[in-house]
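First the structure, in the form of structure tokens, and then the observations on it.
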Amino acid sequence: MNAKLSFDPIAQIETECLAVAVLDEGSGKDPKPVMLTDDADVKKAVADLLSSGEVTGKIFETVMIHRPQGVRARRLLLVGGGKAKNFSAYELRKVAGTAVRFLKPKSIRTLAFIAPPSWSGEADPSVQSRYIAERRGPAEAVKAIVEGAYVADFDPDVYRSDRKDQRMNEITVVASGTEDRQALERALAEGRIIGESQNFTRELVNEPGNKMTPTILARRATEMVKELAPRANGARITAEVLDGNKIRELKMGAFWSVAQGSDEPPALILIRYEPEGAPESPTIGLVGKGITFDTGGISIKPSDGMEKMKYDMAGGAAMLGAVRAIAQIAPKVRVIAIVCASENMPSGKAQKPGDVQIAMSGKSIEIINTDAEGRLVLADGLNYARQLGATHLVDAATLTGACVVALGGVNAGVFANNDEIFERFSAALEASGEKMWRMPLDEEYRERIRSGIADIKNTGGRGAGAVTAAMFLKEFVDQTPWIHLDIAGTAWIDENKAWIAQGPSGVAVRTLVEFVRGFEKNRERTQPLR
Ligand code: BES
Ligand code: MN
Ligand code: ZN
């Protein structure tokens with residue numbers, strides 16, 4: 001899909017479908033639908049429809065009319081954005097996505113989406129919310145629309161033999177002519193980069209275990225970096241893949257203990273992003289769990305639903321998607337990404353409950369349950385990132401079923417060992433529109449992972465499973481400011497939604513990109529993106 005901006009008068013735009021958000025400004029029970037545009041021609045074209053009471057502005061409501069009068073567009077699509085007072089970039093992203101997913105099955109391939117007008121100055125003071133333009137500025141609105149459209153364009157049914165490629169050809173974002181064009185062009189380009197990168201992650205996560213082994217994941221990462229290098233705006237970006245021998249040589253006993261049971265060789269994927277003139281510090285270490293299939297190992301999982309464990313590499317794939325976007329947006333901040341890729345299999349070579357493993361850091365680990373493998377591979381990944389110079393760490397992992405129980409599919413779990421890094425991360429969440437909820441890391445939980453034979457054990461019993469998993473990881477980050485994301489509940493969407501398909505979500509990519517950008521000292525930019 002292509003994305004472009006238009007500053008043409010809306011009535012003149014020739015498109016298969018013009019789409020606009022409708023908000024509900026009603027305060028009580030009666031809806032009061034209001035079009036999210038100042039354009040007189042569009043308002044006139046839908047005046048009868050709005051007064052009919054058939055449109056309410058309810059969130060994700062879709063109403064399409066053909067041959068709207070007074071405008072060149074063949075169709076006009078109204079998409080509900082919900083209560084005006086709650087409307088923000090978060091809703092706008094999904095509204096744009098809803099338009100795309102409404103049109104795709106109808107074989108409509110081009111769309112012109114009207115960006116919210118700027119409300120500075122002339123806005124009606126009686127309106128409780130000035131919508132997105134006032135809260136965030138028109139550039140944020142353009143970015144949100146484009147991100148939402150790309151995310152909506154993804155469908156997971158790639159192995160269906162009668163699959164029709166229903167991707168959209170083009171989205172045009174219609175902005176009003178008075179805006180700063182250069183800023184909007186940049187926002188559009190960023191939205192495309194981030195949306196495409198989130199979809200790159202989803203592509204990887206969507207692949208089944210037989211088609212996404214550690215070796216294949218490493219190859220996809222290397223190919224991505226090769227393609228990226230010329231587009232990285234002068235930054236150096238390199239990929240390296242460490243094999244099983246190297247993993248053992250580095251004494252990554254925790255990582256290897258998971259890999260040893262599988263016939264598929266593991267891979268440690270290491271990507272370095274080094275922008276010209278960026279200081280050594282900060283260096284952001286992004287560490288992802290890349291279990292390409294999790295059977296549980298000797299502590300084998302029940303067969304019901306085990307097929308879903310192909311998405312156990314979603315944390316690793318999120319790091320790859322994030323790097324893909326970061327290299328193109330090119331903030332002057334160093335990044336090291338590490339993906340610990342392995343299968344978790346039962347076999348004659350597999351580790352057993354009761355085994356003791358020595359992690360790269362020197363800590364000894366008693367294995368209680370071989371299904372608690374994610375924390376093992378991450379233990380060495382986090383330690384290695386610090387060794388390579390990371391000053392700040394973020395890991396992402398489909399780590400625990402307990403996090404799914406605690407937060408479901410709405411919020412990912414966030415853990416932080418430092419309030420300042422959490423503040424930074426919160427700001428990134430605000431910008432990305434992703435939902436995550438902070439969880440505790442009190443010292444009192446530490447005793448749950450004490451072992452009688454070794455320094456720690458790899459499970460903490462029934463209670464607070466997501467927390468004890470995080471406490472385990474904390475043993476390997478020392479004093480380095482660190483964020484841990486448990487995305488077990490949010491990396492896979494079980495049902496189709498108006499704005500996104502069932503399947504891999506690509507969660508964390510957008511927030512990671514915003515988080516890294518937040519470290520950039522001088523964020524003024526005028527250069528267009530390539
Ligand atoms: N990959 C799973 C966690 C998971 C569960 C992800 C459900 C997505 C959906 C992880 O490796 C795991 O098996 N965790 C165990 C830990 C337990 C043995 C302490 C779990 O959560 O049951
Ligand atoms: Mn497991
Ligand atoms: Zn797992």
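Details
- Above-threshold pairs, the threshold being 28 Å between Cα atoms, out of K4/K32; K43/K164; K349/K457: K4/K32; K43/K164
- Principal axis dimensions, region 1-120 - Cα atoms, whole angstrom, descending: 39, 33, 28
- Principal axis dimensions, largest first and in whole angstrom, of region 399-480 by Cα: 46, 29, 17
- Taking the longest Cα principal axis of the chain as reference, the axis of helix 181-206 is set at about 50 degrees.
- Kirkwood Rh in Å, taken over region 1-71 so that all alpha-carbon pairs contribute: 13.4
- When the convex hull of its Cα atoms is projected in every direction, mean area for region 302-414 (nm²): 9.1
- Computed helical MRE - 222 nm, the chain, DSSP H runs ≥ 4 contributing -39500 (n - 2.57), nearest 500: -10000 deg cm²/dmol
- Under-5 Å amide H pairs with V173, H placed in peptide plane, nonlocal only: K4, L5, S6, F113
- From the Kirkwood radius over Cα pairs of region 220-313, Stokes-Einstein at 25 °C and 0.890 mPa s returns a whole-number translational diffusion coefficient of 155 µm²/s.
- Only protein heavy atoms count here; under a 1.4 Å probe, D162 has an accessible surface of about 110 Å².
- Rg then Dmax, both in Å and based on the Cα atoms of region 145-239: 16.6, 53.
- Alpha-carbon centroid distance for the pair region 344-408 / region 421-442, whole angstrom: 23
- Solvent accessible area, Å² - K58, 1.4 Å probe, full protein context: 140
- Angle in degrees between helix 214-228 and the longest Cα principal axis of the chain, rounded to the nearest 10: 50
- Residue among W492, F472, G433 farthest towards the positive dipole end of region 417-510, charges placed on Cβ: W492
- Take the convex hull of the alpha carbons in region 355-415; its mean projected area over all directions comes to 5.0 nm².
- Separation of the R450 and T215 label points, Cα + 7 Å toward Cβ, nm: 4.6
- Of the residues K43, K29, ranked by 1.4 Å probe accessible area with the largest first, the sequence reads K29, K43.
- Backbone phi angles across region 48-65, fed through the Karplus curve with coefficients 6.51, -1.76 and 1.60 (θ = phi - 60°), yield HN-Hα couplings of 5, 4, 5, 6, 5, x, 7, 10, 10, x, 4, 4, 6, 5, 10, 9, 10, 10 Hz in residue order; Gly and Pro are listed as x.
- In region 426-528, the convex hull through the Cα atoms has an average projected area of 10.1 nm², a quarter of its surface area.
- Full extension of the segment from D180 to K32, taken as 0.36 nm per residue of separation minus the current Cα-Cα distance, would add 50.1 nm.
- Across K94/K211; K58/K104; K246/K435; K301/K474; K246/K521, pairs whose alpha-carbon gap is larger than 29 Å: K94/K211; K246/K435; K246/K521
- Under the Karplus curve 6.51 cos²θ - 1.76 cosθ + 1.60, θ = phi - 60°, whole-Hz ³J(HN,Hα) for region 254-262, x wherever Gly or Pro sits: 6, 4, 5, 4, 7, 5, 4, x, 10
- A compact globular protein would have a Cα radius of gyration near 2.2 N^0.38 Å; the ratio found for the chain is 1.01.
- Label-zone membership for region 379-393, site T238, 7 angstrom Cα→C-beta point, backbone N under 15 Å: 388-389
- Region 375-454 - percent of accessible surface contributed by carbon and sulfur, probe 1.4 Å: 47
- At the listed q of 0.17, 0.21, 0.23 Å⁻¹, the Debye profile of region 261-353, built from one uniform point per Cα, gives log10 I(q)/I(0) equal to -0.75, -0.96, -1.07.
- Of the residues S161, S6, the one with the largest accessible area comes first in the ranking S161, S6, computed with a 1.4 Å probe on protein heavy atoms.
- Radius 12 Å from Cβ of R438, net charge of other residues (Lys, Arg +1; Asp, Glu -1): -2
- Each pair of Cα atoms in region 190-245 enters the Kirkwood radius, and Stokes-Einstein at 20 °C and 1.002 mPa s then converts it into a translational diffusion coefficient of 167 µm²/s.
- Of the residues R272, R163, the one with the largest accessible area comes first in the ranking R163, R272, computed with a 1.4 Å probe on protein heavy atoms.
- Accessible area per residue for region 142-197, computed on protein heavy atoms with a 1.4 Å probe, is 42 Å².
The values are calculated or read from the model by the stated rules, or taken from the named source; none is laboratory data. All values derive from a computational prediction rather than experimental measurement. Neighbour counts are summed over all protein chains in view; Cβ atoms, including those assigned to glycine, are modelled from backbone coordinates with ideal geometry. With ligands, DNA and RNA removed, areas are computed over all heavy atoms of the protein, side chains included. Shrake-Rupley method; radii C 1.70, N 1.55, O 1.52, S 1.80 Å.
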